[in-house]
């Protein structure tokens, strides 16, 4: 049994053979994905689809009835007057876009301010402003609609901040010491147990978990949606991530092992889906090389570079069309532009 002796938060879990095998498999899949050269157009399309799927799945888990097709339409057209169900998916998508931008700019530290900012992003316009970006200051109860009664009493509001601070301190202190997948999994479940907000706990917890995975080296963050795995069987997800009875009666008895196995199962499932999608996406008309694309690349391989004038010498395509052809190969990350004006030329992009 593993315990952190330096923190008041001491999660109990066992490194089972299944958990160890899952971590090894995830490492292999991530390495394969990260080493695969992908055209920019493919990556952009995959990132957009992953945000759409995550926005749909994470809000669907919380009861949002909008189908994926409707979510895609809303995120594409961004109507001005939004119903609450539409605002939920727009908010979640905006939060994902914001986190993606942050990850590109700098190393992210998951602290209390970051958690509060995420909750504010997903709930703005849906609940009272006084509850957006603020920890709860009143009691909450978790009901099971199936049986019509309360099944879980989270910690008192007076203890919420200390418990959340303890969880974040545990994550920070053990970064680089405990496997990042285990840390992210522990964070996810303990966040749900603490239930720090009046609303938006699930969406905030899942976004913060994705942020943790990305900041710890899971570079496929932009492409995968583990929310999709949970949404396919919401009942099982709630059974695994949640607890029952009064927090103070069960807080020292929670074992994270079963959840960690399920958590890593979900990441494997989603990485396999992404890998399959990337394989098929690479063969679409948008990324398949056309005869004149191959002529350009063959010329560069033979002579080291190509100019527009040289391209016009063996192609009857108009100048504007030739520019589109060259820019397309740049977007596919196959060639790069050098020089300026009349001295412009193109060469193969260095790997």
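The values are calculated or read from the model by the stated rules, or taken from the named source; none is laboratory data. Keep in mind the model is a prediction, meaning the values are calculated, not measured. Please note: Cβ atoms are built from the backbone with ideal geometry, for glycine as well, and neighbour counts cover all protein chains shown.
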* To do: Identify the residue in the stretch 339-351 that is within 35 Å of the chain's Cα centre (by Cα) and surrounded by fewer than 13 Cβ atoms within 10 Å (Cβ to Cβ) and, among all such residues, is modelled with the lowest pLDDT.
  => 351
* Looking only at the stretch 120-131, which residues are assigned to a loop (DSSP other than H, G, I, E, B) and under 18 Å from residue 64 (Cβ atoms)? -> 124, 125, 126, 127
* Could we say that residue 273 is assigned to a helix (DSSP H, G or I), exposed (fewer than 13 other Cβ atoms within 10 Å of the Cβ) and in contact (Cβ under 8 Å) with a residue 40 or more places away in the chain here? -> no
* Structure fact -> Here the residues within the stretch 140-168 that are within 10 Å of residue 196 (Cα to Cα) and part of a loop (DSSP other than H, G, I, E, B) are 140, 154, 155, 156
* Do we have residue 125 as touching a residue at least 12 places away in the same chain (Cβ under 8 Å) and either over 19 Å from the mean Cα position of the chain (by Cα) or under 21 Å from residue 234 (Cβ atoms) (or both) here? -> yes
* Collect the residues in the stretch 310-323 that are assigned to a helix (DSSP H, G or I) and either touching a helix residue (DSSP H, G or I) at 6+ places or on another chain (Cβ under 8 Å) or surrounded by 11 or more Cβ atoms within 10 Å (Cβ to Cβ) (or both), keeping them in residue-number order. => 310, 311, 312, 314, 319, 321, 322, 323
* Just need a number here: residues in the stretch 294-309 that are exposed (fewer than 12 other Cβ atoms within 10 Å of the Cβ), over 26 Å from residue 43 (Cβ atoms) and touching a residue at least 12 places away in the same chain (Cβ under 8 Å). => 1
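Residues are listed down the side, and each one gets a yes or a no for (1) farther than 23 Å from residue 278 by Cα; (2) assigned by TED's automatic domain parsing to the domain that holds residue 42; (3) within 38 Å of the chain's Cα centre (by Cα):
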{"residue": "299", "(1), (2), (3)": "yes, no, no"}
{"residue": "305", "(1), (2), (3)": "yes, no, no"}
{"residue": "311", "(1), (2), (3)": "yes, no, no"}
{"residue": "317", "(1), (2), (3)": "yes, no, no"}
{"residue": "321", "(1), (2), (3)": "yes, no, yes"}
{"residue": "331", "(1), (2), (3)": "no, no, yes"}
{"residue": "335", "(1), (2), (3)": "no, no, yes"}
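Quick one: which residue in 160, 115, 147 is surrounded by fewer than 18 Cβ atoms within 10 Å (Cβ to Cβ), under 27 Å from residue 249 (Cβ atoms) and either assigned by TED's automatic domain parsing to the domain that holds residue 243 or under 17 Å from the mean Cα position of the chain (by Cα) (or both)? Spell out the reasoning first.
Numbers: 160 fails: surrounded by fewer than 18 Cβ atoms within 10 Å (Cβ to Cβ); 115 fails: surrounded by fewer than 18 Cβ atoms within 10 Å (Cβ to Cβ).
The unique qualifying residue is 147.
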* To do: Given the conditions (1) modelled with pLDDT under 95; (2) over 22 Å from residue 249 (Cα atoms), report the number of the one that residue 168 does not fulfil.
  => (1)
* Would it be correct to say that residue 264 is touching a residue at least 12 places away in the same chain (Cβ under 8 Å), under 30 Å from residue 234 (Cβ atoms), in the same structural domain as residue 22 (by TED's automatic domain parsing) and touching a strand residue (DSSP E or B) at 6+ places or on another chain (Cβ under 8 Å)? -> no
* To do: Sort out which residues of the stretch 79-108 are surrounded by 10 or more Cβ atoms within 10 Å (Cβ to Cβ) and part of a loop (DSSP other than H, G, I, E, B), and write them in order of number.
  => 79, 82, 83, 108
* To do: Considering every residue within the stretch 45-67, establish whether at least one is surrounded by fewer than 18 Cβ atoms within 10 Å (Cβ to Cβ), in contact with a strand residue (DSSP E or B) (Cβ under 9 Å, 6 or more places away or on another chain), at pLDDT 95 or above and not in a helix (DSSP H, G or I).
  => no
* Structure fact -> residue 224 fails exactly one of (1) out of contact with any strand residue (DSSP E or B) (no Cβ under 9 Å at 6 or more places or on another chain); (2) at pLDDT 95 or above, namely (2)
* Structure fact -> Residues of the stretch 101-122 being in contact with a helix residue (DSSP H, G or I) (Cβ under 7 Å, 6 or more places away or on another chain) and either under 19 Å from residue 85 (Cβ atoms) or at pLDDT 95 or above (or both), in sequence order, are 112, 115, 118, 119, 121, 122
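Residue-wise test of (1) assigned by TED's automatic domain parsing to the domain that holds residue 128; (2) closer than 21 Å to residue 23 by Cβ; (3) surrounded by fewer than 22 Cβ atoms within 10 Å (Cβ to Cβ).
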{"position": "156", "(1), (2), (3)": "yes, no, yes"}
{"position": "169", "(1), (2), (3)": "yes, no, yes"}
{"position": "182", "(1), (2), (3)": "yes, yes, yes"}
{"position": "188", "(1), (2), (3)": "yes, yes, no"}
